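These notes are about the structure you will find just below.
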Amino acid sequence: MKGQKTLSISITEENMKELEEAENYLDTSRRALYLLSLYLWRETTLKEKELRVSLNEIEQDERNEVFISNLPSIYLELYKEKPLYFYSFNQYITGLFHLKVKNGIDPERKAPQKVGKKNRIYYIQKDILKEFVNFSKKIDVNQKTLINYAIMENFHLKDNNEYHNEKEDKQRKGIEFSYPSLEKFDEIKEANREMAINKVLYLIPKLL
């Protein structure tokens, strides 16, 4: 695990289809979806039986090998305390993906083809934008994927007493919306959308 540069994940044909349709719905790449998933699942600790059963199910099925090259060191740090039970890091992550995907991806968040995207311009507070950009680089997940995931998770509706939209030091920024997240975002009154997207970017490093 130490110094690992490439992550190899074995995924069953059925789970691969689920993940591909999740990629399509977010209009993102495989790499971005997998790294985002690893970050979101960082609090999950597999029991030895869960890992053993998952790996056995994969072994008995048609499967694909997915390689994530140049794996950011943050993921090794996030998972370094996980009990591997004499399995490898690759096997642990393989079992994690199998268990999480088998338990179900929301059928309303899958699409057979890429859903498409649209760009809009908003003014974002510079301090919020800086923290968001740094977070995106830190976990190596592109900004579009983070924003669209957060909108689908209703970050714009979250109550957060720390967020304030009073600063005038702002910067123009293009936001790439996938069509499902744009549809959800457009439920907000137009006059409130700039404040909402600022809130989304502010909350992403704090809630993910």
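Observations
- In the set Glu59, Glu20, only one residue is charged (D, E, K, R), without any contact (Cβ under 8 Å) to a residue 24 or more places away in the chain and closer than 28 Å to Phe135 by Cα; that residue is Glu20.
- Qualifying positions in the stretch 70-114 - surrounded by 15 or more Cβ atoms within 10 Å (Cβ to Cβ) and of a type in the set (S, T, N, Q): Asn90, Gln91, Thr94
- Residue list for the stretch 98-124, filter: touching a Phe, Trp or Tyr at 6+ places or on another chain (Cβ under 8 Å) and among the small types (Gly, Ala, Ser): Ala111, Gly116
- Counted residues, the stretch 171-202 - those being outside any helix (DSSP H, G or I) and over 18 Å from the mean Cα position of the chain (by Cα): 8
- The residues of the stretch 140-157 that are within 25 Å of Tyr75 (Cβ to Cβ), crowded, with 19+ Cβ neighbours inside 10 Å and not small (Gly, Ala, Ser), listed by number, are Val141, Gln143, Lys144, Thr145, Leu146, Ile147, Asn148, Tyr149, Ile151, Phe155.
Each row is one residue, and each column tells you yes or no for (1) under 18 Å from Lys138 (Cβ atoms); (2) modelled with pLDDT of 95 or more.
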| site | (1), (2) |
| --- | --- |
| Arg31 | yes, yes |
| Tyr34 | yes, yes |
| Arg42 | yes, yes |
| Lys47 | no, yes |
| Leu55 | no, yes |
| Arg63 | no, no |
| Tyr75 | yes, yes |
| Gln91 | no, yes |
| Thr94 | no, yes |
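- Of all residues in the stretch 24-48, those satisfying the criterion of being part of a helix (DSSP H, G or I), more than 15 Å from Lys100 (Cβ to Cβ) and touching a helix residue (DSSP H, G or I) at 6+ places or on another chain (Cβ under 9 Å) are Tyr25, Leu26, Arg30, Ala32.
- Residue-level check: of (1) in contact with a Phe, Trp or Tyr (Cβ under 7 Å, 6 or more places away or on another chain); (2) closer than 19 Å to Tyr34 by Cβ, Lys138 misses just (1).
- Among the residues here, Leu76 does not qualify as in contact with a strand residue (DSSP E or B) (Cβ under 9 Å, 6 or more places away or on another chain) and touching a residue at least 60 places away in the same chain (Cβ under 8 Å).
- Residue in the stretch 116-139 that is in contact with an Asp or Glu (Cβ under 7 Å, 6 or more places away or on another chain) and of a type in the set (A, V, I, L, M, F, W, C) present: no
The values are calculated or read from the model by the stated rules, or taken from the named source; none is laboratory data. Because the structure is a prediction, the values reported are computed rather than measured. Reconstructed Cβ throughout: ideal geometry from the backbone, glycine too, with neighbour counts over all protein chains shown.
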